[in-house]
2 protein chains.
Amino acid sequence: MSEYTVRDAAGPSVGIVTKKHYTFAEKPDDALVLESGTRLGPVTVAYETYGELSPGKDNAVLVLHALSGDCHAAGYYSKNDTKPGWWETMIGPGKGIDTDRYFVISSSILGSCGGTTGPCSTNPTTGKPYGLDFPVVTVGDMVEVQKRLLDHLGVERLLAVVGGSLGGMQALEWSLRFPDRVNGVIALATTMRHSALAIAFNEIARQAIMADPNWNKGHYYDGDKPATGLAVARMIGHVTYLSDEALRRKFGRRLQEKEDFSFQFDDIDFQVESYLRHQGSKFVQRFDANSFLYVTKAADYFDLERRAEGDSAVKIFARAQASFLVVSFTSDWLYPTYQSRELVRALKKNNRDVSFCEIKADCGHDAFLIPNQRLSRLITNFLEKVRYVKP
Amino acid sequence: MSEYTVRDAAGPSVGIVTKKHYTFAEKPDDALVLESGTRLGPVTVAYETYGELSPGKDNAVLVLHALSGDCHAAGYYSKNDTKPGWWETMIGPGKGIDTDRYFVISSSILGSCGGTTGPCSTNPTTGKPYGLDFPVVTVGDMVEVQKRLLDHLGVERLLAVVGGSLGGMQALEWSLRFPDRVNGVIALATTMRHSALAIAFNEIARQAIMADPNWNKGHYYDGDKPATGLAVARMIGHVTYLSDEALRRKFGRRLQEKEDFSFQFDDIDFQVESYLRHQGSKFVQRFDANSFLYVTKAADYFDLERRAEGDSAVKIFARAQASFLVVSFTSDWLYPTYQSRELVRALKKNNRDVSFCEIKADCGHDAFLIPNQRLSRLITNFLEKVRYVKP
């Protein structure tokens, strides 16, 4: 543990961390060739690391964030920083992903706005933000960028990749794109192929953004941002991360600081309305509307069956070599358990070593982000197991 | 059957029908007092009737429409009209609600845009459309207007009220507001109290409308309409009426007239995206954005427990006298079966005669609108049963 380790109420922490950057594909000949065939460069990747890389370089765990996350997965940016990284409860000394034992790498995904190149980055051709001139990227492209970062860090082989939701898709992609570089794959609350329901909600969210006149076909970086459209998009997403049960428990039909209905539209009646508006307005302060379009599109395109060329579930994981831990949550209706079971079946058909657990949780899709002892133990044990797998 | 009866591919029909209007509360002293305490007048109610009222006036069935419906529940407006009323498959000669036996009344709800007074009606004070000056109305207010129509039609007692979704809420309200005027209540795919999840989706839809600059705080009747906002609102609603299974079966991940992804945002990739955009743009041609605000608000306010004064489920249906038929659908996640079971429990605690059926259907909340032999039979048998109940 570093001398900066903060031991706050949430338990031990990795303490003060720094966001770093690595840039590659700086020469046109060197450009990253995307799945669409488009060439992209230069590419900057923002990342953080926690813990120490072992002398044998065999203790690296790559953490993969979900749709609205970024590379800041654990720790604090300063002594006065009160908001830790998004998976602070899982990553740290003695935690589920124990930074006393593992070297944790976390990077921001391509196409988003967490410091890695995306639509709000400067387009070298114009000197202005890309906007919609940024190419559409895929989960595979995100993983390609992560692989370049690992090359840069001198990490040849990962002990494990771990992610939930869109992060879980990246984890699965890792097992196929670079099968000889990963011992273990932890896929939480995710799917092998984005369902029509999930595409539907993403499409509506994109329509909400594009309906905002400030969106201006993606050119808004020197003017007013499409804040209302992005807020609606976030609210749609946010509801899909929760569950009927969680909303009933948290809010029910409780009124917001009033005894009776307002009988008005410029007032807020229910606590759940207030909560959603708050989520929407908080999000627009930290997230780029174009990035929302790009990352949801990448999720919608994700389909391992399509990728397998020959549409047979048997062949999907033919190339995979890793061991797998698949976890679903009972109240997740965005990526329901039956989708994890499909994944497990496909893995078993390819004779992969796979552990599966459905965790009882009433908080919906977001359950993978919420402290859960059972999830922590599953991850700890899985990392222990794959530690001794030799290439 | 009238001489105009059309017997088309969909089976026997009530044939050509006419939308009628009845206006009341024309004098200030006569105004309708709403639940909010606001006085409203004049009030026009648009309605249609099918079949003949019996000499004993004991065969009237009131049909109650859902959020986006109107009084046109069955039949055609002309010989060349190809689009029948919204419940054509249920209402007609020999159908589930047999117009050879019953006198069916269907009216447009207060606050909507189906010809009954609502925010797009002329405000007598200004001579312009009400817009947001229209008072917020409740399900109880809608039922009050229906009762005035029945008085006008000389129907003292209803054989039954029948509705799904928001229509089911009206049916339940009827059993409490006018307990001595209804023999049977048929409540389909509905709830006693709008859940936090349902409120959440309605609130996001309202936010989408209000985010459209053309909405202009409800004053858009002499300019461009908030079509993009309303389209997003409709798409949100529409997804909640479907199910994961139905979307998978109907669309899956099939691409829209292409072999590969477009890697663009101004193109449509998936059929489900095309379908949703179509639903959105079709809806804005027939529905008023302000009405969408009003009817969703009425649904959100609906809560029989709150209405019961004393928050005990035992007391909710203490005043009810009718027999009940409650039907839910397995894949309805907007008003899931557990909510119908709560309703049934509350009815039983009040010693009400209640039949309950959960119908297996994979098409989600919309199942109640889709032809279903089992549903037709249940309704036919229930109407037969309550026919012989004497006041």
Q: Could you estimate the translational diffusion coefficient of the protein assembly as shown from the Stokes-Einstein equation, with Rh from the Kirkwood formula over C-alpha pairs, at 37 °C and 0.692 mPa s, in whole µm²/s?
A: 116
Q | Residue (of A:F324, A:V33, A:I199) at the positive-pole extreme of chain A, dipole from beta-carbon charges | A | A:F324
Q: Any chance you could list P(r) for the stretch B:40-138, counting all Cα-Cα pairs in 10 angstrom bins from zero, rounded to whole %?
A: 15, 38, 28, 16, 2
Q. For the stretch A:51-56, in order, what is each residue's ³J(HN,Hα) by Karplus, 6.51 cos²θ - 1.76 cosθ + 1.60 with θ = phi - 60°, in whole Hz (x at glycine and Pro)?
A. x, 10, 6, 5, x, x
Q: Please give every one of the lysines within straight-line cross-link reach of B:K225, meaning a C-alpha to C-alpha distance under 30 Å, and leave out same-chain neighbours fewer than 8 residues apart.
A: A:K217, A:K225, A:K282, A:K297, B:K19, B:K20, B:K83, B:K128, B:K217, B:K282, B:K297
Q) For B:M90, B:M142, what ranking results if the residue with the fewest other Cβ atoms within 10 Å of its Cβ goes first? A) B:M90, B:M142
Q.
Could you give each residue of the stretch B:327-342 its phi-based ³J(HN,Hα) in whole Hz, using Karplus coefficients 6.51, -1.76, 1.60 with θ = phi - 60°, and x for Gly or Pro?
A. 10, 10, 10, 3, 9, 7, 9, 7, 10, x, 3, 4, 6, 5, 5, 4
Q | Other copies of B:D100: label-to-label distances in nm, shortest first, labels 7 Å along the beta-carbon direction | A | 8.3
Q: Would you list the P(r) distribution for the stretch A:285-377, with all Cα-Cα distances sorted into 10 Å bins from 0 and each bin expressed as a whole %?
A: 14, 34, 36, 15, 1
Q: Enumerate the calculated ³J(HN,Hα) couplings along the stretch A:245-260 in order (Karplus 6.51 cos²θ - 1.76 cosθ + 1.60, θ = phi - 60°), each rounded to whole Hz, writing x wherever the residue is Gly or Pro.
A: 4, 5, 5, 5, 5, 6, 10, x, 10, 4, 7, 8, 6, 7, 9, 9
Q.
Amide H of B:I359 versus every other amide H placed in the peptide plane: which residues, excluding those fewer than 5 positions away on the same chain, fall under 5 Å?
A. B:S328, B:F329, B:T330
Q: Would you mind classifying the stretch A:200-295 by shape? Square roots of the alpha carbon gyration tensor eigenvalues, ordered a ≥ b ≥ c; an a/c under 1.5 is rounded, otherwise it is prolate if a/b is larger than b/c and oblate if not.
A: prolate
Q. How much FRET efficiency would the formula 1/(1 + (r/R0)^6) give for A:Q256 and B:R319, where r is the Cβ-Cβ distance and R0 is 35 Å, rounded to 0.05?
A. 0.70
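Could you give the dipole magnitude of the stretch B:200-295 about its Cα centre, charging the beta-carbon of Lys and Arg +1 and that of Asp and Glu -1, in debye to the nearest 20? Intermediate values should be presented prior to the final figure.
Numbers: 13 positive and 14 negative charges, 79 e Å.
It comes to approximately 380 debye.
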Q | Size of charge dipole - chain B - debye, nearest 20, with Cβ of Lys, Arg +1 and Asp, Glu -1, no other charges | A | 980
**Q.** By average C-beta atoms within 10 angstrom, highest first, the peptides B:101-112, A:251-262, B:204-215
**A.** B:101-112, B:204-215, A:251-262
Q: Summarise the partner chain shielding of A:232-242 as one whole number: the mean count of Cβ atoms from other chains within 10 Å of each residue's Cβ.
A: 4
**Q.** Proximal aspartates and glutamates to A:K360, defined as alpha-carbon separation beneath 20 angstrom and excluding residues fewer than eight positions away on the same chain
**A.** A:D244, A:E245, A:D332, A:E342
(Q) Just checking the output field for A:134-143: average partner chain Cβ neighbours within 10 Å of each residue's Cβ? (A) 1
Q. Any idea what the alpha-carbon Rg over 2.2 N^0.38 Å comes to for the stretch B:115-211?
A. 1.28
Q. So, by mean Cβ neighbours within 10 angstrom, what's the order for B:216-223, B:91-98, A:176-183, A:300-307 with the highest one leading?
A. B:91-98, A:300-307, A:176-183, B:216-223
Q: Using the 7 Å Cα-to-Cβ label point, sort the distances from B:T82 to its equivalents in the other copies shortest first and give them in nm to one decimal.
A: 6.3
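Evaluate the charge dipole of the protein assembly as shown about its Cα centre and quote only its size in Debye, nearest 20, assuming +1 on the Cβ of each Lys and Arg and -1 on the Cβ of each Asp and Glu.
Result for the protein assembly as shown is approximately 1660 debye, rounded to the nearest 20.
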**Q.** Gap separating the Cα centres of the stretch B:354-384 and the stretch A:354-384, nearest whole Å
**A.** 39
Q | Amide proton proximity set for A:L62, modelled H, under 5 Å, gap of 5+ | A | A:I105, A:A160, A:V161, A:V162
Q: Mind checking B:31-43 for the average number of partner chain beta-carbons within 10 Å of each residue's beta-carbon?
A: 1
(Q) Using Cα-Cα distances under 8 Å and only pairs 6 or more residues apart, what relative contact order does chain A have, in percent? (A) 17
(Q) Tell me the mean residue ellipticity at 222 nm calculated for chain A from its helices only (DSSP H runs of n ≥ 4, each -39500 (n - 2.57), averaged over every residue, nearest 500). (A) -10500 deg cm²/dmol
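If we count other beta carbons within 10 Å of each Cβ, what is the order of A:T122, B:T228, fewest first?
Numbers: A:T122 13, B:T228 25.
Ordered from fewest to most neighbouring Cβ atoms within 10 Å, A:T122, B:T228 come out as A:T122, B:T228.
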Q: Distances from A:H278 to the same position in the other copies: list them in nm, one decimal, shortest first, using label points 7 Å from Cα along Cα→Cβ.
A: 4.2
Q | Three-way shape label, the stretch B:147-198, alpha-carbon gyration tensor, a/c 1.5 | A | prolate
Q: Hey, could you get me the Stokes-Einstein D for the stretch A:171-251, Kirkwood radius over alpha-carbon pairs, 20 °C and 1.002 mPa s, rounded to whole µm² s⁻¹?
A: 137
Q: Find the centroid of the Cα atoms in the stretch B:216-259 and in the stretch B:117-142, then give the distance between the two in whole Å.
A: 26
Q: Can you tell me the order of A:165-173, B:153-161, B:269-277 when each peptide is scored by its average per-residue count of other Cβ atoms within 10 angstrom, highest first?
A: A:165-173, B:269-277, B:153-161
Q: Indicate the gyration tensor shape class of chain A (rounded, prolate or oblate), computed on the Cα atoms with a ≥ b ≥ c the square roots of the eigenvalues: a/c under 1.5 is rounded; otherwise a/b larger than b/c is prolate and the rest oblate.
A: rounded
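Quick note: the coordinates plus some simple rules give every number you see, no bench work behind them. These numbers come from a predicted model, not from an experiment. Glycine also receives a Cβ, built like all others from the backbone with ideal geometry; neighbour counts cover every protein chain displayed.
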